[in-house]
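Report on the structure given below.
The values are calculated or read from the model by the stated rules, or taken from the named source; none is laboratory data. This structure is a prediction, so every number in the text was calculated from the model and none was measured. With ideal geometry, Cβ positions are generated from the backbone for all residues, glycine too; neighbour counts draw on all protein chains shown. With ligands, DNA and RNA removed, areas are computed over all heavy atoms of the protein, side chains included. Shrake-Rupley method; radii C 1.70, N 1.55, O 1.52, S 1.80 Å.
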Amino acid sequence: MRVDCRRLLRDLAMDAAELLWPTRCVGCGAGETLLCDDCRLDLPWICQRWACPSCGAPYGWLCCTECRRDWLPRSCVCAMGFRDTAARIVTIFKDGHELRLAPVIAAALACALEEAAGWPAEDGLPRHDLKSLDGICFVPATAKAFARRGFDHMELVARELSQITGLPVCDALLREQGADQRTLGRDERACNLEGRVSLAQDVAGKRLLLIDDVATTGASLGACARALCEGGAPAPDTCAFARVW
Ligand SMILES: [Zn+2]
Ligand SMILES: [Zn+2]
């Protein structure tokens, strides 16, 4: 019988890690699961029926005060508010190196997109239509963040979402180093990203779903959407796991 040594080593390493750092729910700390049923049910989901079809804010379907004047994406779907367990999921995933949360975040995006498919965007077409898309791209981490974490967190989520939807990942965007967006205000965020996003491949004519973890002012999604449009892609559909408002 042949033994798959790499698999055996990986399983042993996983067992050792579980002994040293037992799996705990990111919401309540209960054991043995990353997100327990109670905390999953308690997530601050945004009802897509009432959300702004353009920027994804939770209550702007009729009249939105959150939309940016220079907002380019065709639609934006945000799965939940950035608070409580949702905020902890993002922090523990990105900065706590809990990579097993990538499929949890991807599943939340897929869930919100499915709900949004039943509601129109500003152009009257569904906010999400899987059949109309050619691929998934993601807001890339800066080189500095990549070096600090050792992974591009949204690339991991894009790959998980690709498994769920069957859409290919389109690793199309590059981001040069600017100041950390989290330290900046609304206008500073937009300026910080201006001209810092470029294309790594041809996207002309590609209809893309652009994803990010947190939408605060929409500056990152907006700058990436601009780069895609300048490369000849139609205005992308966008989706974020959590929304700050
Ligand atoms: Zn829990
Ligand atoms: Zn809006």
- Query: Can you give the relative contact order of region 45-243 as a percent, counting alpha carbon pairs under 8 Å and 6+ residues apart?
  - Reply: 26 percent
- Between GLY56 and residues 5 or more places away or on another chain, the pairs with built amide H atoms under 5 Å apart involve CYS76
- What number, in percent, do you get for the relative contact order of region 65-138 if the mean sequence gap of Cα pairs under 8 Å and at least 6 apart is divided by its residue count? 31 percent
- Message: Taking the full set of protein chains and a 1.4 angstrom probe, give the accessible area of HIS97 in square angstrom, rounded to the nearest 10.
- Response: 90 Å²
- Query: What do you reckon, how do LEU173, LEU41 stack up by accessible area (1.4 Å probe), largest on top?
  - Reply: LEU41, LEU173
- Message: Can you order the peptides 61-71, 137-147 by their average number of other Cβ atoms within 10 Å per residue, highest first?
- Response: 137-147, 61-71
- Solvent exposure of region 82-154 as accessible area per residue, Å², 1.4 Å probe: 46 Å²
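Kindly identify region 45-243 as rounded, prolate or oblate by the Cα gyration tensor criterion: order the square roots of the eigenvalues as a ≥ b ≥ c, call it rounded if a/c is under 1.5, otherwise compare a/b with b/c, prolate if a/b is larger, else oblate. Spell out each step's value before the answer.
On the way: a/c = 1.21, a/b = 1.14, b/c = 1.06.
Rounded is the answer for region 45-243, as its axis ratio a/c remains below 1.5.
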- Message: Would region 73-165 count as rounded, prolate or oblate if I go by the C-alpha gyration tensor, calling it rounded below 1.5 in a/c and otherwise prolate when a/b exceeds b/c, oblate otherwise?
- Response: prolate
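DSSP loop GluC sites (Glu not before Pro) in region 107-172 with at most 15 other Cβ atoms within 10 Å of their Cβ, which ones? Don't skip to the answer; put the middle values down first.
On the way: sites: GLU114, GLU115, GLU122, GLU155, GLU160; in loops: GLU122.
Those satisfying the criteria are GLU122.
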